[in-house]
Amino acid sequence: MRDLVLYVTIVINVLSLFGMVAGILMHSGRGGGLSDMFGGGGGAALGSTSAERNLTRITTVLGLVWIFTVVALGFLLVRD
């Protein structure tokens with residue numbers, strides 16, 4: 001049972017890692033980021049500030065999931 005929990009935690013960790021990397025790469029740096037990706041006018045119609053805010057929230061949640069799975073893996077990998 002412990003191995004199953006370990007493998008599920010590893011899968012969640014890797015998925016959250018890739019999601020977090022994708023979310024960070026879509027953020028706006030000095031350019032427009034997500035709003036420029038959809039071509040100016042379309043991004044403005046969708047509300048680019050709302051899209052950036054939601055992207056920040058999603059990236060934050062994925063970061064928290066990643067941190068919790070790293071801590072969980074630390075506890076699961078300790079063999080008594």
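Observations on the model:
- Between ARG79 and VAL5, the modelled label-to-label distance comes to 1.8 nm, taking each label 7 Å out from Cα in the direction of the beta carbon.
- Under a 5 Å amide H cut-off, with hydrogens placed 1.01 Å from N, SER28 pairs with LEU34 among residues at least 5 apart or on other chains.
- Ordered by the number of other Cβ atoms lying within 10 Å of each residue's own Cβ, fewest first, LEU15, LEU4, LEU25 fall into the sequence LEU4, LEU25, LEU15.
- For ARG53, ARG2, ARG79, the sequence from fewest to most other C-beta atoms within 10 Å is ARG79, ARG2, ARG53.
Rule-based calculations on the coordinates, nothing more; no lab input. Please read all numbers here as calculations on a predicted model, not as lab measurements. Note that we place each Cβ from the backbone using ideal geometry, even for glycine, and neighbour counts take in every protein chain shown.
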